[in-house]
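K.L.:
Pasting in a structure now, in structure tokens, and then I'll have a few things to ask.
The values are calculated or read from the model by the stated rules, or taken from the named source; none is laboratory data. What you see is a predicted model; the values in this text were computed from it and never measured. Don't worry about glycine lacking a Cβ; one is built from the backbone with ideal geometry, like all the others, and counts go over all protein chains shown.
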């Protein structure tokens with residue numbers, strides 16, 4: 001019998017907590033004209049790892065904040081992440097019909113409602129950030145999430161991704177990973193830090209940690225998919241570097257249990273690639 | 001020779017000012033991968049009345065605030081309004097090929113980029129609100145814009161609009177007008193008030209003013225289009241009522257010149273329908 005590593009137990013517990021919070025905030029309404037909320041709930045409450053939400057809450061606790069202070073921001077980042085999946089899956093984009101074992105939003109609800117459900121999730125993400133208790137922290141979160149999700153972050157990454165021809169170098173791929181995944185992981189770590197009252201130097205370290213981890217995470221995903229085997233050796237080496245750098249940036253944070261969880265999350269990402 | 005009414009002169013001057021601000025904040029970048037910023041600029045900087053932006057700045061001045069304090073929020077509301085147009089025009093929605101005498105975004109840039117440009121405009125709208133100087137006002141603006149743009153406002157209105165069969169009663173149409181147009185006009189007036197430091201009772205009056213004006217504005221648009229002539233007499237009467245109520249809600253604001261402009265804007269909306 002193999003013992004379940006502590007990080008897996010912690011992730012499962014935190015995922016359940018975040019999903020409970022999402023369920024509470026996006027409860028099914030008594031009336032649902034045009035099935036809008038059903039479409040929002042279908043994508044938001046479907047299966048997911050909630051990694052970004054876990055990072056928000058652990059980053060908050062890592063800087064001495066309370067879990068409660070981070071929950072609105074954790075839900076916000078999950079809303080924003082889900083909107084990117086719903087829109088990326090659209091026929092005009094990646095035209096994906098299945099995600100996590102279920103038909104995609106536009107397959108179930110039609111294209112118009114999938115577009116609108118994505119728009120709603122993006123809008124609600126910012127609405128949730130307005131609930132962050134300290135107004136200055138809330139404004140910081142709005143600015144950070146808009147920067148990560150905007151024309152220099154996730155959206156630029158998706159524009160580049162659509163243009164990829166499948167013959168790019170590892171460096172080209174990494175730029176897209178930085179924009180699409182790194183930016184949002186970085187925002188997750190920053191948002192958590194801000195909700196916990198972190199100072200500028202700590203927020204900057206959290207940003208780096210998240211960015212490096214996000215890029216590493218996407219390299220690991222590519223290695224899982226195995227569709228560019230000629231890049232695998234370089235990608236595995238690069239993944240190791242990124243994870244080591246991400247962990248090193250946590251040294252400023254002290255030794256709260258949540259810091260160990262952030263470090264373990266990085267190690268877990270590196271371990272994924274060694275399993276192949 | 002007919003004298004140009006003062007409200008027209010004021011609108012033209014304020015529109016030019018807001019457009020200058022938008023041009024400055026969304027300048028063409030040196031590099032533009034995938035034409036993302038070109039698509040954003042095409043829709044945002046194209047011809048427009050900038051009514052919502054004018055309302056933001058006048059509401060700010062009406063409560064004693066400075067014009068400068070309202071410009072970020074005025075740009076934010078124009079971004080949000082533009083995103084709704086870009087997404088509503090998509091083939092999966094209204095499938096419109098022309099708007100304001102120019103081909104729509106998806107005709108020029110393709111569907112994927114039109115979706116992403118809309119997403120970018122929605123994201124930047126909230127990023128701009130993070131620039132509102134006073135943090136508590138900024139958070140109020142984020143909450144108000146998310147509420148207006150979200151699943152109980154603009155997006156719900158669009159979902160209902162897509163389902164309209166062309167045989168609705170005036171009351172049914174008015175509900176869509178309230179969600180799609182009233183919510184955003186109300187947010188414009190509230191945002192301006194918040195940027196100018198208005199108290200709760202004043203913000204509530206500004207909300208009502210904007211909401212009533214937005215519904216009236218949409219009735220006037222319908223009368224222009226003349227596609228439901230059987231509703232025209234009732235719509236014209238209702239428009240007059242709405243404009244009178246909107247103006248009445250301004251009485252709390254005192255007699256700053258900007259208050260007169262908000263009142264004149266309401267009168268102008270009523271006058272449009274009498275011209276038919």
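K.L.:
Checking residue B:152 against (1) assigned to a helix (DSSP H, G or I); (2) within 18 Å of the chain's Cα centre (by Cα), only one condition comes out false. Which one?
P.N.:
Every condition holds for residue B:152 apart from (1).
K.L.:
Out of all the residues in segment A:33-43, is one or more assigned to a helix (DSSP H, G or I), touching a strand residue (DSSP E or B) at 6+ places or on another chain (Cβ under 7 Å) and at pLDDT 95 or above?
P.N.:
The answer is no, given that none of the residues of segment A:33-43 is assigned to a helix (DSSP H, G or I), touching a strand residue (DSSP E or B) at 6+ places or on another chain (Cβ under 7 Å) and at pLDDT 95 or above.
K.L.:
Within segment A:113-128, does at least one residue satisfy the condition of being facing chain B (nearest Cβ under 10 Å) and outside any helix (DSSP H, G or I)?
P.N.:
No, that holds for no residue.
K.L.:
I would also like to ask the following. Answer yes or no as to whether residue A:3 is surrounded by fewer than 21 Cβ atoms within 10 Å (Cβ to Cβ), more than 14 Å from every other protein chain (Cβ to nearest Cβ) and closer than 23 Å to residue A:198 by Cβ.
P.N.:
no
K.L.:
Something else: Let me confirm something: among B:152, B:133, B:100, B:143, which residue is more than 8 Å from every other protein chain (Cβ to nearest Cβ) and at pLDDT 95 or above?
P.N.:
Step by step, each of B:152, B:133, B:100, B:143 is checked, and only B:133 is more than 8 Å from every other protein chain (Cβ to nearest Cβ) and at pLDDT 95 or above.
K.L.:
Which one of these is assigned to a helix (DSSP H, G or I), out of contact with any helix residue (DSSP H, G or I) (no Cβ under 6 Å at 6 or more places or on another chain) and within 21 Å of residue B:257 (Cα to Cα): B:74, B:70, B:13?
P.N.:
Just a single option satisfies the conditions, and that option is B:13.
K.L.:
Could you tell me whether segment B:60-73 includes any residue that is within 14 Å of chain A (Cβ to nearest Cβ) and at positive phi?
P.N.:
no
K.L.:
Which residues, counting only those in segment A:158-174, are within 10 Å of another protein chain (Cβ to nearest Cβ), touching a residue at least 12 places away in the same chain (Cβ under 8 Å) and surrounded by fewer than 23 Cβ atoms within 10 Å (Cβ to Cβ)?
P.N.:
Matches in segment A:158-174: A:160, A:161, A:162.
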